Structures are given as C-alpha cells and as structure tokens.
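Contents: one structure, followed by commentary.
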C-alpha cells in the first residue's frame, strides 16, 4: 500500500511516455460487472419485499408502487422470522464465546506448557479439521438426543462450539507460540499466578489472533445449515429453530401459499442486520479472514 | 509444580470434554454403526460386516450423486480460483501504469467490500434467494430474459433435469468467488510492484504477468484456496438441499444429501453411516491426490 500513497513528486525518475492504456477501462468493466452480479440479486430481494404479490407475479423487474411495510410485519409476526433471528443470535453468541474461551485455554496450554501427552492432544484437536461433518452426523444425532439436548438451544450451542474447536486450537496454538516469553517470565517472577498470567497478560496480548479466529468462527457458525436441521428436530423444536431452518421452511411454505412478498420480506429481514454489521466492521472482517486463511 | 499440574488440568479438561463428547465419539461411532443394520428405532441391531458397503457399491443413486460431486470437485475450485485471480489482479494491478509503477484500480476498496457480501449472508439465505432467482415466472433471471425478448430461453431452470445441477453449481461459484478475490488481492499486496513494472517494461502483456508472475508467487495461497473449495465441493449439501432438494429426478443429487435422506428420511442409520465413511475416504483420497499434484518448489522472494 505504501507504494500507492507515495507522493509522485518524490519520484523524479524520468521515464519515456507510454501510450495510454485501455487496461484500466477494461478492468473497471469486468470489476463493475461482477459487482453488479453480486449486488443485483440482493437489491432485487429488498425491492421485492415491498411489492405486492400481484406486482411480483406480473413483472419480476418492476419497482414497488409503494413501500409495503405490512409484508415485513407479516414475515416478522406470522412467519416468526424475528424469533428465528433471535435464536440464531443467541446460539452464535453463546457458541462463539465458548469457542474462544475454551479454544484459547487449550491452545495456551498446548503452546506454552510441556507435559506428557501434549502432542497427542494437539493432534487430536487438529485432526478434527480433516474429517467431514457428515461422517459424524448420525452418531451425533443420538449423542445429543441421549443427553436430552435434541431440539434445544444449549445443545446446538455446545455442538457449534465443539466443531469450531479444531481450527481455533490450531490457529491460536500457533499464535501463542509467537508471543514473546519474556513478558510471561517477568510476570511470574513478580509473583503472578498461572491464572492471572493467562487472563490479564496473555489473553490481551493475543488480541489480534483472537479477533482473526473469532471472525472466522463467527462466519463458520453463522453459516451452519446441516447441524441445525439435524439437531433441531422433535416436538416443539420449531419454536427454537434458527434462521437457516426458519427461512428455508418459509420458502417451502410460502411457495405453496403464494405469499411471495412475505418470503422476500423475511429474506430481507434476515439479510440486512448481517450486511449492516459487515459494513461497519468490514476492515476487521477482511483482514481477519485473510489472516485466518493465509496463516 | 502441583500448581502447574492443576492449572493444566483445569484449562485442558473442559475443552477436551466438549470435544470428546460431541466430536471424537461421534466420529468413532460412525465407523462402528456403518457395520450394522441399525434402523435407529430398535435398540438392537446386528453386525452385518461390509454389507452396507456392498450395497453402496450397487446403489445407482449413490453413484449418480457421487458423479455430481466429482463434477463439483473438478470445476468448482478451478472456475472459482480463475475468476478470483482474474478479478483480484484487476483490483491490485489493473489500474494505470505510470512513472510511479503499476496501480490498482480506483475504488478497489469498494469492490472488495461488495464482493464479500455473499460470504457474510448465511448459506441458507443464499440458497433461498437463488431459488427465487431461478423461479420460472417470478424469478429475476427469466424476468430479464423476457424483458430482453428472449422468451425462448426463459425455461424452468430448476425443473429441468438438464439444467438443475449446473444452476446449483453456478450459485456455489457465485457465493465463493468474492471471498477469493479478497484473499488473493490481500496476498498480492505483498508482491513488490517493481516486479510488475519490470515485466511490463520488458514488453510482457498483462496476461503474461498474471500467468508468469502472479500465479507462481501466490502458489501457496492458491493451494489453500483449492483445499477449501474441494471441501465445499465434497459437501455441497446445503445449497443443493435448499434449491433443488436433489431433484428433479435426482438430477442434482449429491452424496451429502444421500446420507441425510438415508438417515433422517428413511431411518437407515447403518447405511447412512456407511455413506459417511465413504465420504471420509473420498476426502482422504482427494487430499492425498492434491498433495502429489501440487508438490512444486516454492518461489521465494
């Protein structure tokens, strides 16, 4: 980036004039094309959420004749999109907190303490990244059911956290290893205990790593689909459905009933908070994710 | 040293418990259940050895689903990475070239933000959205085709076995490209711009710099991208289940959906676990093949 912002006057090296290139124009054509391809479907959903069913049926490309907030009301109250959103938020918040806490604890021990079995435990955690979730699906269903957690929010929270641990432990172990040992040693000399050392010295130092892995984990958990549809079954579980299930069920039901505007409104309600949060924090999102993949 | 021991135990046992109960034990049980005829309802079951796998080998639906996963494995990573590299290089070095070197395009920050949208929407939203996009009468795609006077092309995209699978694959490409544009363009920031400058001065075309310069220097990142996309290709469940549910007449089925239906629609838990084991070995095979193919010297800067 430094190269881009360097004032040009400081580079007095003369170079031969070049013919004006068409490359920037072409670049913009392709880039804007993909930007359009990305945003048009989203915009279309938002616009359709204000249209009447008749308008949607006659011309998918027309603009809404007025803002019909009643569609949103219907989606919120009758289709319970609000409730599903809240359930999703509760599960992801809980699971994310649990993942970060337990993941950081395990990673810290594995990175900083030597004891018998440490290697085995590390590989047991990291090996989890190799296995497809589908392999575990059937037994997991029965494990959760036998614990009486089938169709409950705490059950889903624990499962999300458990399946986020491999990557979190892998990433944070590497991160804790890079932190200087001198600070920890100084704190120990000053009489700081293991627990205080972790919570008031090491965790704050690991903040950048925690943010990266936190964003990665958030997207992983927010994107879950197969885990909730398998685990949120049973009597009365539809009250505790998360957004993924609620929205797909809505798509199936509204399709039968022909309430297209309600479906688009539900979709928009589900979409907007995430997009808004992303726009606020997009810098952290992108750098965190890039760091997470590039390591 | 007792304090240290206690500390290690207190910190390690809770995560190990959680992980053991919900991850390790299900994975271990899966291999065992795959050898039974368990239907889930009865507490009793018989060990049937490799019968489930024999049945799997003769199951036409399974092979049909596997064929679709193979197509995904072949095309999804390649198309996504190529599109990602192409767009990322336009963002990073597609701008004007002058005395100060090669520039990124104006508004690169804007593109990076927008391209990322599909990634932050949950996969369920993407699925439902595209199901509506493809809808024959109310969908945006056919609306566009009709408006353009191409009524003949406005077909039932998801209702036609010839198109359904490719429509689903297009969605999977659509939702992943943006992420890799961001990833690749972040990685390109670390490539010294003088290299591009020098290459262009020597008369290399932009395409040549992409193939000869960018790709070798980003090789590690591209490998990581390929692995992630291969994992998505072996899965593919969510998008397929939401958009087509494998239909019409299994024309867009994938292995994950086979497993899900065998277990939770038909109650054949033993057989479903056998499919899970097959998926596991498929993942292992792909990983092993990948390691052989991509072993290539790193380019150090």
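Every read-out reported here was derived from the displayed coordinates using simple, explicitly stated rules and does not represent laboratory data. What you see is a predicted model; the values in this text were computed from it and never measured. FYI the Cβ positions are ideal-geometry reconstructions off the backbone, even for glycines, and counts take in every protein chain you see.
A few notes on this one:
- Global form of the range A:195-295, assessed from the alpha-carbon gyration tensor, a/c cut-off 1.5: prolate
- Relative contact order (%) - chain A, alpha-carbon pairs under 8 angstrom, separation at least six: 29
- Rounded Å value of the spacing that divides the Cα centres of the range A:90-162 and the range B:4-47: 11
- Peptide B:229-237 has a mean of 2 when you count, residue by residue, the C-beta atoms of other protein chains within 10 Å of its C-beta.
- Distance distribution P(r), the range A:111-177, all Cα-Cα pairs, bin width 10 angstrom from 0: 18, 42, 28, 12, 0 percent.
- Exercise: per-residue mean of other protein chain Cβ atoms within 10 Å, A:140-150: 3
- Calculated on the Cα set of the protein assembly as shown, radius of gyration then Dmax: 25.8, 85 Å.
- Cα-based helix-to-principal-axis angle, B:60-93 vs chain B, degrees rounded to 10: 20
- Part-to-part distance (alpha-carbon centres) for the range A:184-237 and the range B:161-182, which is given in Å: 32
- CD proxy at 222 nm, helix term only [per DSSP H run n ≥ 4: -39500 (n - 2.57); per residue of chain B; nearest 500]: -21000 deg cm²/dmol
- Protection proxy ranking for A:212-219, B:123-130, using the average of other Cβ atoms within 10 Å per residue and placing the highest first: B:123-130, A:212-219.
- Gyration tensor over alpha-carbon atoms, the range B:164-228, equivalent ellipsoid semi-axes in Å: 29, 14, 10
- Burial order of peptide ranges B:27-34, B:147-154, B:253-260 (average beta-carbon count within 10 Å, highest first): B:253-260, B:27-34, B:147-154
- Shape descriptor for the range B:65-294: Rg over Rh equals 1.05 (Cα atoms; Rh from the Kirkwood inverse mean 1/r).
- Normalised by the number of residues in the range B:65-294, the mean separation of alpha-carbon contacts (under 8 Å, six or more apart) gives a relative contact order of 28 percent.
- Summed over qualifying helices (DSSP H, 4 residues or more, each -39500 (n - 2.57)) and divided by its residue number, chain A shows a 222 nm mean residue ellipticity of -23500 deg cm²/dmol.
- The Stokes-Einstein estimate for chain A, based on a Kirkwood radius over Cα pairs and taken at 20 °C with 1.002 mPa s viscosity, is a diffusion coefficient of 93 µm²/s.
- Other protein chain Cβ atoms within 10 Å, averaged over every residue that makes up B:185-195: 2
- 0 to 90° range, to nearest 10: angle between helix B:2-19 axis and chain B longest Cα axis: 80
- Longest to shortest principal axis, alpha-carbon extents of the range B:96-190, angstrom: 53, 31, 21
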